[in-house]
Amino acid sequence: MKKLLFLLFGVCLFSANLHFHLYKKNGEIPGNTLLVIGGIHGNEPGGYYAPSFLIRYYKIIKGSLWVVPNLNFDSIIRFRRGVYGDMNRKFAYVSKKDKDYRIVKDIKKIILNPKVDLILNLHDGHGFYRNSWQNSIFNPAAWGQTCIIDQEKIKTPKFGNLGEIARKVAKTLNQNLQKNYHFFNVKNTKTKFKDEQMRLSLTYFAITHNKPAFAIETSKNIKDLPTKIYYQLRAIEEFMKIVGIKYTRAFKLNIPEIKKLLKKEDYVVINGNAILPLNGLDKVINYFPVTEKTIKYKSDNPLVAVVKEGNHYVLYEAYHRLAVLYPQYFKNFCRIKSIKVEIDGSVKNVKIPSIVNVYKSFRVLGGKKRINIIGYSSKGNEANIEISKNKLIRRYAVDKNGNIYRVEIYDKKSFCGMFLVRFKGKK
Ligand SMILES: [Zn+2]
């Protein structure tokens, strides 16, 4: 059984719009818990795409992996370091009026959870860290391609030898580099004595509460996202090994595979009765049926968000603004689990909401419900009519290629749900 716990926090006054999610992946065999925190800085995509891979494609067999992929979600969708200031400078003190207050408070609680044995905070940092100055990109002030520690050791029964652990991780990473200059170093910020700013950080908060913590920084100067994800995942896998977590991974860890998974077809389900694909969506979707003003949404992709902006909603995948949805509100709604549809000659039970492939034509088999096929113009109920692609008006498609259309089901004035038909080429 897949043990995946999903906690969703609500919204409150003086807080960010989007709160983070915590995914708990617990193995059948008990063991240590690794907490991976991604997305503290919204313009560091290696730091939040890697955790989304952990959530989707890793299965934990022994021990526990807790993942927060989107700590600073408001900043992720804007691709900014911190829309309310630098969140990683708010761990010593944060004002109750600060928009990040609730997020900082909630993540501190998780960090201090007695079950958590080791914490990773993921970043993309400037340049490539080197012990001596070479140029503005390769130098001791750079952060990229490092495993960061605040000090060599902390006094704690497990994993207190921070320096040794970090050097081990760097050594493993350096055995398999995409480019030689990508090699990893350990950077000890000697926070207590030297780095006043870092005393305000998440990792320093953790180690001063006897929790071993590290930052992993891939380089902002590596422009290729799959390459950053590759290094982050390899570092996290080495940490899992060190804390004794056993796992399986549903893909081969290499750049082409990561690239492929980033392009994978994904969906978002809205209010449990509507659905949209994430790939190739048209920029604007009009008259999108919405049954509740506060939209609830679900996606396998943890970086998806639907955000109300003025009189419309915006669908995001991380910082990609996928589509603007102009809503049509329905006060009343009815629920329907499935509907019978004849697709290319055979009758199928189509789940609501879902996406079905059609090669030639489809016909919604009529019951009492009223069918509205968006892009087909007729007066009245559009059930029991054979629809092929050439009968539909292209600009009503939900995708840029003009292949995917909405079929909506109504009961008098109530919206019951929708499914999408995706016209495919010849079988
Ligand atoms: Zn950062």
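From the square roots a ≥ b ≥ c of the eigenvalues of the alpha-carbon gyration tensor of segment 281-326, which class results: rounded (a/c under 1.5), prolate (a/b over b/c), or oblate?
Oblate, because a/c is 1.5 or more while a/b does not exceed b/c.
Projected onto the charge dipole of the chain (+1 at Lys/Arg Cβ, -1 at Asp/Glu Cβ, origin at the Cα centre), which of Ala50, His21, Ala250 gives the Cα projection farthest towards the positive end?
My answer, from the dipole projection, is Ala250.
Longest exposed-loop-site-free stretch of the chain, with GluC sites (Glu not before Pro), DSSP loop and at most 14 other Cβ within 10 Å?
For GluC sites (Glu not before Pro) (loop position, at most 14 other Cβ atoms within 10 Å), the longest site-free span of the chain is 29-151.
Per residue, how much accessible area does the chain show when a 1.4 Å probe rolls over the protein heavy atoms, in square angstrom?
On the way: 20050 Å² over 427 residues.
Averaged over the residues of the chain, the accessible area is 47 Å².
Within the chain, what whole-number % of the accessible surface is contributed by carbon and sulfur, with the 1.4 Å probe and all protein chains included in the calculation?
Carbon with sulfur: 52 percent of the solvent-accessible area.
Starting from 0.36 nm per residue, how many nanometres of slack lie between Gln197 and Asn43 once their C-alpha separation is accounted for?
Additional length available on full extension: 53.5 nm.
Run the numbers on segment 4-262 and let me know its relative contact order in percent, using alpha-carbon pairs under 8 Å that are six or more apart. Let's see the in-between values first.
Details: 592 pairs, mean separation 58.8, N = 259.
Averaging sequence separation for qualifying contacts and normalising by length gives 23 percent for segment 4-262.
Looking only at segment 4-262, where both bridge partners belong to it, what percent of the DSSP beta bridges are antiparallel (to the nearest 5)?
Values: 16 of 41 bridges.
Of those bridges, close to 40 percent are antiparallel.
How about segment 178-266: which trypsin sites (Lys or Arg not before Pro) there lie in a loop by DSSP and see at most 15 other Cβ atoms within 10 Å?
Those satisfying the criteria are Lys179, Lys190, Lys192, Lys194, Lys223, Lys252, Lys263, Lys264.
Once the Cα atoms of the chain are picked out, what are the Rg and Dmax in Å?
Rg, Dmax (Cα atoms, Å): 24.4, 76.
Give me the net charge for the shell around Pro302: Cβ to Cβ below 14 angstrom, other residues only, Lys and Arg +1, Asp and Glu -1.
Summing Lys/Arg as +1 and Asp/Glu as -1 gives +2.
Which value, in debye to the nearest 20, describes the size of the charge dipole of segment 227-374 about its Cα centre when Lys and Arg Cβ atoms bear +1, Asp and Glu Cβ atoms bear -1, and nothing else is charged?
Magnitude of the dipole: close to 420 debye.
Need the C-alpha centroid separation for segment 91-121 versus segment 200-253, integer Å.
Spelled out, the Cα-based centre of one part sits 18 Å from the other.
Might you report the magnitude of the Cβ-based charge dipole of the chain about its Cα centre, with Lys and Arg at +1 and Asp and Glu at -1, to the nearest 20 debye?
880 debye
As an exercise, identify the trypsin sites (Lys or Arg not before Pro) in segment 273-365 lying in DSSP coil whose Cβ has no more than 15 other Cβ atoms within 10 Å.
Hits after loop and neighbour filter: Lys283, Lys293, Lys296, Lys331, Arg335, Lys337, Lys360.
The values are calculated or read from the model by the stated rules, or taken from the named source; none is laboratory data. The shown structure was predicted, so the numbers you read here are calculated from the model rather than taken from an experiment. So basically every Cβ, Gly included, is an ideal-geometry build from the backbone, and we count neighbours across all protein chains shown. For accessibility, only protein heavy atoms count, side chains too; no ligands or nucleic acids. Shrake-Rupley method; radii C 1.70, N 1.55, O 1.52, S 1.80 Å.
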